[in-house]
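Report on the following structure.
The values are calculated or read from the model by the stated rules, or taken from the named source; none is laboratory data. In this text, all values refer to a predicted model and were calculated from it rather than measured experimentally. Virtual Cβ from ideal backbone geometry, glycine too; neighbours counted across all protein chains shown. Just the protein is used for accessible areas: all its heavy atoms, side chains included, with ligands, DNA and RNA removed. Shrake-Rupley method; radii C 1.70, N 1.55, O 1.52, S 1.80 Å.
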Amino acid sequence: MSDTQVLPTAVNPVARPARRSVWRTAYFGTPGNALVTLICGAVILLVAKLAFGWLFLDAVFDGGADACRQSSGACWPFLADKLRYMLFGFYPFEEQWRPLVALCLFLGACSVSMVPRVWGRGLLLAWALVILPGLYVLMAGGIFGLTAVPTSKWGGLPLSFMLSFVGLAFALPLGIGLALARASHLPAIRVLGVGFIELVRGVPLISILFMAAVMLPLFMPDGVTIDKLLRAQVAIILFAAAYIAEIVRGGLQDVPTGQFEAGRALGLHYWQVMLKIILPQALKKVIPALVSLFIAFFQDTTLVTIIGLLDFLDTVRTALRDPDWQGIAVLEGYVFAAAVYFLFSALMGGYSRFLERHFNTSYR
């Protein structure tokens, strides 16, 4: 045997094309691509020029309604005059520091909760025992010297966050349970899960909100009433849970059956296999779909206006109908609302991509 050892030939890595070359090929690779790129670029520049002129060059920054009548640009005094109403609705004016503090605390708690290193039972207990009760006490009052404010006075951005994020937080475990029920081998549990999911998904959210507001009180005993906000919250939880269940079921079907069989071979019972092996894999696979659903429900909270609650978009619409500004400020409120919805939707989308990288679920 020869002492000389022949090493395998090293394979040269495929050189990646330069980013400039990729950009040139994508947008100007063919005459058709170049023409479309130039047309789209011209349209974008024209729209940007018109938007910049309306927002800044021709806009009115000082004065009142009379000053805005003389200008063709944006009327920023309208936002300055109606900002507190658009954010907090009919909440008592002198107590609006409370929803502002509650909103800041809520966003701060959400920001901390997004960090993976703080995930655990302690975080869940903090939300259940400290954060959510504290936010409710701050908004409702009645104790610690705070003036009591009924939920009928709540509105604006805090109400939108409460209905969407709190509703989805409770809908997620319920949806996971429904997905497991639908995939169960027990006929009774499977039929109940399928029946609930198909029934709820077969009607629009506005119908469920209407039933929660009008039909539910008819089935309650005399003298027993349920808060309108609580009824809307429960309706959103049940509706979102049905959609989450189908998303999670898709993730469960994507997990190989060998994972379940391997867990049972190790002596784990059903719930141990599901909680420790199957569900962690399934939930990682459906992160984009879940975040898309969360964004959609954050925007769909505007439907609660049918039961007399004013969320953020509804307070903006009401502000635009003020006789002092009617016909003067037309787009300013909707532009402000669009910017707020876009900001939080973009943040949720960015966090979704972060989770995909964190769990290494990206296929690119």
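Give the residues of the range 295-326 that are assigned to a helix (DSSP H, G or I) and open to solvent by 50 Å² or more (accessible area, probe 1.4 Å), sorted by residue number. Quick ask: steps written out before the conclusion?
Start the filter on the range 295-326 by keeping residues that are assigned to a helix (DSSP H, G or I), which leaves 295-307, 312-320.
Within the range 295-326, Gln299, Asp300, Leu303, Thr305, Ile306, Arg317 meet the criteria.
Please verify whether Ala80 is within 26 Å of Ser160 (Cα to Cα), exposed (fewer than 13 other Cβ atoms within 10 Å of the Cβ), in contact with a Gly (Cβ under 8 Å, 6 or more places away or on another chain) and not polar (S, T, N, Q), treating the condition exactly as stated. Before you say what the answer is, go through the steps one by one.
Working: within 26 Å of Ser160 (Cα to Cα): yes; exposed (fewer than 13 other Cβ atoms within 10 Å of the Cβ): yes; in contact with a Gly (Cβ under 8 Å, 6 or more places away or on another chain): no; not polar (S, T, N, Q): yes.
Considered against the rule, which asks whether it is within 26 Å of Ser160 (Cα to Cα), exposed (fewer than 13 other Cβ atoms within 10 Å of the Cβ), in contact with a Gly (Cβ under 8 Å, 6 or more places away or on another chain) and not polar (S, T, N, Q), Ala80 comes out as no.
For first residues located in the range 319-337 and in contact (Cβ under 8 Å) with a residue 60 or more places away in the chain, partners that are in a loop (DSSP other than H, G, I, E, B) and lie 6+ apart or on another chain with Cβ distances below 7 Å form the pairs Glu332/Ala74.
Residue check: Leu100 meets all listed conditions (1) assigned to a helix (DSSP H, G or I); (2) open to solvent by less than 70 Å² (accessible area, probe 1.4 Å) but one, namely (2).
Does Val286 satisfy being over 30 Å from Asp81 (Cβ atoms), open to solvent by less than 30 Å² (accessible area, probe 1.4 Å) and under 17 Å from the mean Cα position of the chain (by Cα)? Reasoning before the result, please.
Working: over 30 Å from Asp81 (Cβ atoms): yes; open to solvent by less than 30 Å² (accessible area, probe 1.4 Å): yes; under 17 Å from the mean Cα position of the chain (by Cα): yes.
Criteria met by Val286.
Just wondering, is there one or more residues in the range 205-221 that are of a type in the set (Ser, Thr, Tyr) and touching a Lys or Arg at 6+ places or on another chain (Cβ under 6 Å)? No.
Within the group Leu172, Leu229, which residue is under 28 Å from Ser152 (Cα atoms) and in contact with a Ser or Thr (Cβ under 7 Å, 6 or more places away or on another chain)? Please lay out each step first, then the result.
Details: Leu172 fails: in contact with a Ser or Thr (Cβ under 7 Å, 6 or more places away or on another chain).
None of the other options fit; the residue is Leu229.
Tally the residues that are open to solvent by 60 Å² or more (accessible area, probe 1.4 Å) and in a helix (DSSP H, G or I), restricting the search to the range 210-237. Break it down into steps so the answer makes sense when it comes.
Filtering the range 210-237 down to residues open to solvent by 60 Å² or more (accessible area, probe 1.4 Å) leaves 210-211, 214-216, 218-219, 221-225, 227-228, 230, 234.
Then drop every residue that is not in a helix (DSSP H, G or I), which leaves 210-211, 214-216, 218-219, 228, 230, 234.
Final tally of qualifying residues: 10.
For Phe354, are the conditions met, namely being in a helix (DSSP H, G or I), farther than 26 Å from Leu79 by Cα and among the aromatic types (Phe, Trp, Tyr)? In short, yes. The set of residues from the range 203-213 being under 20 Å from Ser152 (Cβ atoms) and either hydroxyl-bearing (Ser, Thr, Tyr) or without any contact (Cβ under 8 Å) to a residue 40 or more places away in the chain (or both) comprises just one member, Met211. Looking at the range 204-216, is at least one residue under 12 Å from Val304 (Cβ atoms) and small (Gly, Ala, Ser)? Yes; the residues of the range 204-216 include at least one that is under 12 Å from Val304 (Cβ atoms) and small (Gly, Ala, Ser).
Give the range 24-45 a look and list any residue that's open to solvent by less than 100 Å² (accessible area, probe 1.4 Å), assigned to a helix (DSSP H, G or I) and either in contact with a Cys (Cβ under 7 Å, 6 or more places away or on another chain) or not small (Gly, Ala, Ser) (or both), or say none. Spell out the reasoning first.
So the first thing to find is which residues in the range 24-45 are open to solvent by less than 100 Å² (accessible area, probe 1.4 Å), and the list is 25-26, 28-30, 32-34, 36-37, 39-43.
With assigned to a helix (DSSP H, G or I) added as a condition, the list becomes 25-26, 28, 32-34, 36-37, 39-43.
Thr25, Phe28, Asn33, Val36, Thr37, Ile39, Cys40, Val43 - these are the residues of the range 24-45 that are open to solvent by less than 100 Å² (accessible area, probe 1.4 Å), assigned to a helix (DSSP H, G or I) and either in contact with a Cys (Cβ under 7 Å, 6 or more places away or on another chain) or not small (Gly, Ala, Ser) (or both).
Kindly provide the set of residues from the range 146-174 that are aromatic (Phe, Trp, Tyr) and more than 16 Å from the chain's Cα centre (by Cα), ordered by number.
Step one: of the range 146-174, the residues aromatic (Phe, Trp, Tyr) are 154, 161, 165, 170.
The answer is Trp154, and nothing else.
For the range 153-169, the count of residues that are closer than 25 Å to Asp300 by Cβ, at pLDDT 90 or above, in contact with a Leu (Cβ under 7 Å, 6 or more places away or on another chain) and open to solvent by 40 Å² or more (accessible area, probe 1.4 Å) is zero. Exactly one residue out of Gly63, Gly41, Gly73 is more than 29 Å from Ile328 (Cβ to Cβ) and either small (Gly, Ala, Ser) or modelled with pLDDT of 95 or more (or both), and it is Gly41.
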